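Here's the structure, in structure tokens; my notes come after.
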Amino acid sequence: GNSVTQMEGPVTLSEEAFLTINCTYTATGYPSLFWYVQYPGEGLQLLLKATKADDKGSNKGFEATYRKETTSFHLEKGSVQVSDSAVYFCALSDTNAGKSTFGDGTTLTVKP
Amino acid sequence: DAGVTQSPTHLIKTRGQQVTLRCSPISGHKSVSWYQQVLGQGPQFIFQYYEKEERGRGNFPDRFSARQFPNYSSELNVNALLLGDSALYLCASSAAGTEVYYGYTFGSGTRLTVV
């Protein structure tokens, strides 16, 4: 079956530091890949997506590239802000399953 | 337009009781999916409904059931509650079949605590 593995957290960074959160996946077929963000007390919000190999998703300064050869979709941001503190989830969807499979999330804390 | 709305926001139930959670999707979205998020873990798929038909079911016991109404709103029912059912229950809406390409829009969830 499908699975998503995220780097274990929590991750603590200083403001303006570079962020990388690793995500690798296992899937049959050709899934779409997503990053969602969850702020305290809220549901998940879609951050960015990529639907095919070598696509780059980007939003709010965050980027991730769909790497089929390494089955990865690492999240990066060049300069984090305190407001980026949240839990980040990597996920995949495939056309056959009618569902998404999520990683366990990585908690990011950015300190001023 | 309103986003995905879920009710109630918080709920406390006793073991063995039954609970009903409600969700209204974004206007125009005909598909509703339910996910369970246990503290410290990622969401786990429970059900997907489209046009009132069950389109997918995750690995959950028969105590979990759901339905979708003609206005595309949905209810999730859980019978014979166990302590392990304590979680955040998330509803996600999408236009039919588009979650594969565009992702979901999630509600804020219902926090269920079983004591």
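Do we find that A:Y25 is on the phi < 0 side of the Ramachandran plot and open to solvent by less than 60 Å² (accessible area, probe 1.4 Å) in this structure? Yes. All of B:I46, B:I26, B:I12 fail the test of being in contact with a Gly (Cβ under 8 Å, 6 or more places away or on another chain) and more than 11 Å from chain A (Cβ to nearest Cβ), apart from B:I26.
For the stretch A:46-65, a tally of residues being open to solvent by less than 70 Å² (accessible area, probe 1.4 Å), under 20 Å from A:T101 (Cα atoms) and in a strand (DSSP E or B) returns 7. From the residues in the stretch A:66-112 that are facing chain B (nearest Cβ under 10 Å) and open to solvent by 30 Å² or more (accessible area, probe 1.4 Å), which one is farthest from the chain's Cα centre (by Cα)? Per the stated criteria, the residue is A:N96.
Each row is one residue, and each column tells you yes or no for (1) open to solvent by 20 Å² or more (accessible area, probe 1.4 Å); (2) more than 20 Å from A:F89 (Cβ to Cβ).
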residue: B:T5; (1), (2): yes, yes
residue: B:L11; (1), (2): yes, yes
residue: B:R15; (1), (2): yes, yes
residue: B:S33; (1), (2): no, no
residue: B:E51; (1), (2): yes, yes
residue: B:N59; (1), (2): yes, no
residue: B:N79; (1), (2): yes, yes
residue: B:S94; (1), (2): no, no
residue: B:V115; (1), (2): yes, yes
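Selection of the stretch B:37-48 for residues being of a type in the set (S, T, N, Q) and open to solvent by less than 20 Å² (accessible area, probe 1.4 Å) yields B:Q37, B:Q48. Among the residues making up the stretch B:32-46, those that are outside any strand (DSSP E or B) and either touching a strand residue (DSSP E or B) at 6+ places or on another chain (Cβ under 7 Å) or at pLDDT 95 or above (or both) are B:V38, B:G42, B:P43.
Scanning the stretch A:10-22 for residues that are over 23 Å from A:K56 (Cβ atoms) and either open to solvent by less than 60 Å² (accessible area, probe 1.4 Å) or more than 14 Å from chain B (Cβ to nearest Cβ) (or both) gives A:T12, A:S14, A:E15.
A single member of A:L108, A:L47 is more than 20 Å from B:T105 (Cβ to Cβ) and not hydroxyl-bearing (S, T, Y), and it is A:L108. Taken over the stretch B:22-31, the criterion of being farther than 22 Å from A:S93 by Cα and either in contact with an Asp or Glu (Cβ under 6 Å, 6 or more places away or on another chain) or surrounded by fewer than 21 Cβ atoms within 10 Å (Cβ to Cβ) (or both) is satisfied by B:R22, B:S27. Within the stretch B:21-30, is there a residue that is within 13 Å of the chain's Cα centre (by Cα) and hydroxyl-bearing (S, T, Y)? For the stretch B:21-30, residues within 13 Å of the chain's Cα centre (by Cα) and hydroxyl-bearing (S, T, Y): present.
Cβ-Cβ below 8 Å, separation at least six or inter-chain, first residue in the stretch A:38-61 and facing chain B (nearest Cβ under 9 Å) and acidic (D, E), second part of a loop (DSSP other than H, G, I, E, B) and open to solvent by less than 80 Å² (accessible area, probe 1.4 Å): which pairs? Close Cβ pairs (under 8 Å, with a partner that is part of a loop (DSSP other than H, G, I, E, B) and open to solvent by less than 80 Å² (accessible area, probe 1.4 Å)) amount to A:E42/B:S108; A:E42/B:G109.
The values are calculated or read from the model by the stated rules, or taken from the named source; none is laboratory data. As the structure is a prediction and not an experimental result, all values here were calculated from the model. Note that each Cβ is placed from the backbone with ideal geometry, even for glycine, and that neighbours are counted across all protein chains shown. Note: areas computed on protein heavy atoms with side chains; ligands, DNA, RNA excluded. Shrake-Rupley method; radii C 1.70, N 1.55, O 1.52, S 1.80 Å.
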